[in-house]
Amino acid sequence: MAETGRLRHAAVAAPLVSPVTLLRIAIVLGVLAVWEFLAHSGWLYRDVVPSLLSIGRALAALLASPNYYFNLGVTAAEIGVALAIGGTAGLAVGILLGANRFLSRAFEPYLYYLGPTPKIIFFPVMIMWFGVGPESKVALGTLSCFFPIALSVAAGMRQIDKVLIRVGKSFRASTWQMVMKIYLPAMRHPIINGVRLGFGFALIGTLLAETKLSNKGIGFLIIQTYSVFDMPGMYAMLIVLFVLAIGANSLIGKLGGLDSIKRK
């Protein structure tokens, strides 16, 4: 009975909504209020900041359009292929650099120099190499996500407990066995963090490429609505893209078990 009473008291005492959640809600409501104020203030050109009602209508029309889902599928496929290729290459290069100090000192500085470089400057090269189709968008997305994954994996390799490596070598494990049994399990968190960063960069690179030269994809739709000054439609696409990006990022974290660890 006493235990039941304590549990009941704890349930009553616990707030229904945490202060952090309340602060987040307040920030969102504040941003929406400022947006609506600017939409009706007349300080900006007409429709540059459309009202929330007009954006809501455009959002409903967007979600009911089959053409949008076709273009969303095109962009999702390009990002998925880019992340698969760039992630695999980044994982291999990161393991190689993290395991070999000589190669790390020789080549890793190039990754740090090229990593922050805007990858869109290489898009003309990608067009010459791969054409104007989806291949050039995949290539730019691959290049964009390669660097954060490679650097994250290389840093994770150096954090592996040396005892684990010595144990693997004492059992005369092959390189493949060392990678599968020791390196990858010990680097789960750096790999997942690298994939999350890589996904963001692949998304940015692919969308930028679609806005420059494409006739399909979300980037193409966004630049098309901008060219006809359909601001509510453009903002509706950005909102959906933002929500989908958050969902995909959260899914990657859940698959890696990072979100549950953070909550603990």
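The values are calculated or read from the model by the stated rules, or taken from the named source; none is laboratory data. Keep in mind it's a predicted model, so treat the numbers as computed, not measured. Here the Cβ is made from the backbone with ideal geometry for all residues, glycine too, and neighbour counts use every protein chain on show.
The combined condition, being over 30 Å from Ile182 (Cα atoms), assigned to a helix (DSSP H, G or I), touching a residue at least 40 places away in the same chain (Cβ under 8 Å) and of a type in the set (Asp, Glu), is not fulfilled by Glu36. Only one of the numbered conditions (1) in contact (Cβ under 8 Å) with a residue 24 or more places away in the chain; (2) exposed (fewer than 15 other Cβ atoms within 10 Å of the Cβ); (3) hydrophobic (A, V, I, L, M, F, W, C) is not met by Ala92, and that is (1).
Results for (1) assigned to a helix (DSSP H, G or I); (2) of a type in the set (A, V, I, L, M, F, W, C); (3) modelled with pLDDT under 75, shown as yes or no for each residue.
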{"position": "Arg8", "(1), (2), (3)": "yes, no, yes"}
{"position": "Val17", "(1), (2), (3)": "no, yes, yes"}
{"position": "Ile25", "(1), (2), (3)": "yes, yes, no"}
{"position": "Gly30", "(1), (2), (3)": "yes, no, no"}
{"position": "Val48", "(1), (2), (3)": "no, yes, no"}
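For the stretch 223-236, filtering for residues that are in a helix (DSSP H, G or I), among the hydrophobic types (A, V, I, L, M, F, W, C) and surrounded by fewer than 20 Cβ atoms within 10 Å (Cβ to Cβ) leaves 2. Considering (1) within 22 Å of Pro66 (Cβ to Cβ); (2) within 17 Å of the chain's Cα centre (by Cα); (3) exposed (fewer than 15 other Cβ atoms within 10 Å of the Cβ), the lone condition that Ser250 does not fulfil carries the number (1).
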